[in-house]
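The values are calculated or read from the model by the stated rules, or taken from the named source; none is laboratory data. The model shown is predicted, which means the values in this text are computed figures rather than measured ones. In this analysis, Cβ positions are derived from the backbone assuming ideal geometry, glycine residues included, and neighbour counts consider all displayed protein chains.
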Amino acid sequence: MRKKKGQMEMMGLAIIVILLSLVLLFIVRFVIMREPTTYKKAYRESELAVNFLNALIETEAPDCAYTKFSTLFQDCASNWDNSGTGGNIPCRSGNVGVDIMSCEYVKTKLLYLFSRTFDEWNINYTFMMYTDPDDPENSQMFEGYDFTGMCAGDEWKVRTQPLPLDPTGDVYLALYICE
């Protein structure tokens, strides 16, 4: 009789373990694995743009005597020429040891940074640098230099970072991320 009682207890424990496993499976499937709600996703995309721009302007460029990118953007905008090679701050270009100016350096590094982040994460984005907030398209720098991704339904979230120029005016960095 004792043997059967022990077997019944073991069977009961096995059933409890199976039921707990099923409950855990449903929790993982329906709670943890669900898609984020739209407002959470929009907030996440917005924060991604803000954090990327903040990190970018505070990053120092070792090839440009550890000048911050914010200063490189300002120098490029203040000394802009339509060839895209403007700027007064010299920077080393890779291992070749050839000096390039801030505009060309910024363009090259932006391509590298975007390819290593948003492109790898399959996030559609557009980056713009412009001087007129009322007409960004016509005051855009790096024209013909396309960082543009496609966005279905035009659901772009944009974050803009103004940087002051000497003596007056501002340059604006805008990062659009597709929701």
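Determine which member of the set Val106, Val98 is farther than 17 Å from Leu173 by Cβ and among the β-branched types (Val, Ile, Thr).
Only one candidate passes the filter, namely Val98.
Which one is surrounded by the fewest Cβ atoms within 10 Å (Cβ to Cβ) among residues in the range 110-135 that are at pLDDT 85 or above and touching a helix residue (DSSP H, G or I) at 6+ places or on another chain (Cβ under 8 Å)?
Only one residue fits best here, namely Thr117.
Kindly evaluate Glu104 against the criterion of being closer than 21 Å to Gln161 by Cα, of a type in the set (Asp, Glu) and out of contact with any Asp or Glu (no Cβ under 6 Å at 6 or more places or on another chain).
On the way: closer than 21 Å to Gln161 by Cα: yes; of a type in the set (Asp, Glu): yes; out of contact with any Asp or Glu (no Cβ under 6 Å at 6 or more places or on another chain): yes.
The answer is yes for Glu104.
Condition (residue is within 21 Å of Gln161 (Cα to Cα) and either touching a helix residue (DSSP H, G or I) at 6+ places or on another chain (Cβ under 8 Å) or modelled with pLDDT under 90 (or both)) applied to the range 7-19: is it met by at least one residue?
no
Within the range 75-113, track down each residue that is in contact (Cβ under 8 Å) with a residue 40 or more places away in the chain, part of a helix (DSSP H, G or I) and over 21 Å from the mean Cα position of the chain (by Cα).
Matches in the range 75-113: Cys76, Ala77, Ser78.
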